1. When you look at residue 310, is it over 19 Å from residue 62 (Cβ atoms) and among the aliphatic types (A, V, I, L, M), yes or no?
2. In the range 98-122, which residues are polar (S, T, N, Q) and under 16 Å from residue 133 (Cβ atoms)?
3. Please list, ordered by first then second residue, the pairs with beta carbon atoms under 8 Å, 6 or more apart or interchain, first in the range 306-320 and over 15 Å from residue 50 (Cα atoms) and of a type in the set (Gly, Ala, Ser), second modelled with pLDDT of 95 or more and part of a helix (DSSP H, G or I).
4. Given the structure, is residue 268 assigned to a helix (DSSP H, G or I) and either of a type in the set (Phe, Trp, Tyr) or touching a residue at least 60 places away in the same chain (Cβ under 8 Å) (or both)?
5. Would you check if there is a residue in the range 199-209 being touching a residue at least 60 places away in the same chain (Cβ under 8 Å) and either among the small types (Gly, Ala, Ser) or closer than 28 Å to residue 19 by Cβ (or both)?
6. Quick one: which of 228, 249 is more than 30 Å from residue 201 (Cα to Cα), modelled with pLDDT of 95 or more and outside any helix (DSSP H, G or I)?
7. For residue 16, indicate whether it is modelled with pLDDT of 95 or more and surrounded by fewer than 19 Cβ atoms within 10 Å (Cβ to Cβ).
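The values are calculated or read from the model by the stated rules, or taken from the named source; none is laboratory data. Just so it is clear, the model here is predicted, and its values are computed rather than measured. Note: ideal-geometry Cβ built from the backbone for every residue, glycine included; neighbour counts use all protein chains shown.
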Amino acid sequence: MADLHSVASQLVESGRGILAADESVKTMSTRLTAEGIEVSKQARRDYRELLLTAPGLAETITGVILSDETFNDSLADGQPFPQACRDRGLLPGIKVDTGTSPLPKGNGATITEGLDGLGGRLADYAAKGASFAKWRAVIDVQNTSEYARDANAHALARYAALCQDNGIVPVVEPEVMCDGGHDLDACAEVTAATLVAVFDQLDRQRVDPSGMVLKPNMVTPGLKAEQVPAETVASATIQVLSSSVSTDVPGITFLSGGHSNETACDYLGAINDHAGSAPWSLSYSFGRALVSDALHTWHGDPGQTEAAQVALLANCRRASAAGRRRSMASGATN
C-alpha cells in the first residue's frame, strides 16, 4: 500500500500545487457551451488533454484531479489519462463525490452525496493508478448551522477514512462559499467552526492527518461585499487555520473560490508572507483560476492548442510564485 504521508507531502511540495480539472460532465458541458464550443465527449477529452500535455506542467503542478469520465478515458494516442499523468511527473487524482443535494431538514443547506459504494469505487480507482482523491463539501455562510456543518463533516471524514483504507490520499475540501455579501468576520467565524467540526470527525473516524491534504477556502469577504487588502485576508486565514487545523497535516492547498487568478494568487502570496512558522506547506488547488483563460483561448480550435497551453502555464507560474514566497523569504528549501 502506498505511503500516504509521502504522497501527501509530494502533493503539497513548496512552490507547486494541484490542478483541479474535475468538473462533472454537466458542468464541463455548460462551460463549453458558454465558450461557443459544441458539447461532446471528444471536446471534453480534447480540452483535458490540452491541459495535461502542456509542456513543463510538472514544474508548477504536483497532481491533477480528474473526473470519472476523464480518469477512465485515454488521450488521442490511446494512453490512459492516469498513466499519462505519471509519465509527465504528475500524480493522478480522482473526484469521488457525486455532487450536492438538499440536506433533509437543513433549511436550504446542502449535503454532499457519493458515500454509497465508495469503498468499491476507490479500490477500482487505486487499481487503475489513482494516488489521491477529492471530496467537496459546500457550506453557505447565509444558511449554515451546526447541524449542516456536522453532517458534512461526518461525510468528509467517512470519505477520508475509506480513501486511506484503500491506499489513496484524501484531499478534504470543506468549502465555505464566497458568494453573497457577508463580511470577512462572518467568513472567519463560519470557516473556523467548519474546520473544528471536520477535524473532530476526522479524529473520531481514525483518519491519519499526516496522510491527508486539506483544501479549504481562504478567509475573504463575500464577492458582493466590500473587499479588503490581501494582507487582511492573509492575517485572518492564518489565524483561523492556527486555531482549528491539526499540526500533523502536511499541507494546505487553498481553493480559488471564484476569485480570478490574479486575486487568488495575491491572497496566496500574502498568506505565505504571514505564515511565519506555521507547520504546514501552504499551496494551491485551483480550478477555474488556472484553466479558464486556457478554455477561452482554445475555443475548441485545435490550432489554438499551443496558445491555450501558454495561457494555462502563465497562470500556473503566477500561482507557483505565490506559493514560494515563504520559502524565498526565509531562505528555506523543501
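1. yes
2. 98, 112, listed by residue number.
3. Listed by first residue and then by second, the contacts come to 319/261; 319/264; 319/265; 319/268; 319/289; 319/290; 320/59.
4. For residue 268, the condition - assigned to a helix (DSSP H, G or I) and either of a type in the set (Phe, Trp, Tyr) or touching a residue at least 60 places away in the same chain (Cβ under 8 Å) (or both) - is not met.
5. yes
6. Of 228, 249, the one residue that is more than 30 Å from residue 201 (Cα to Cα), modelled with pLDDT of 95 or more and outside any helix (DSSP H, G or I) is 228.
7. Details: modelled with pLDDT of 95 or more: yes; surrounded by fewer than 19 Cβ atoms within 10 Å (Cβ to Cβ): no.
For residue 16, the condition - modelled with pLDDT of 95 or more and surrounded by fewer than 19 Cβ atoms within 10 Å (Cβ to Cβ) - is not met.
Here is a yes/no grid of residues against (1) surrounded by fewer than 19 Cβ atoms within 10 Å (Cβ to Cβ); (2) part of a loop (DSSP other than H, G, I, E, B):
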| residue | (1), (2) |
| --- | --- |
| 152 | no, no |
| 157 | no, no |
| 162 | no, no |
| 171 | no, no |
| 180 | yes, yes |
| 198 | no, no |
| 216 | no, yes |
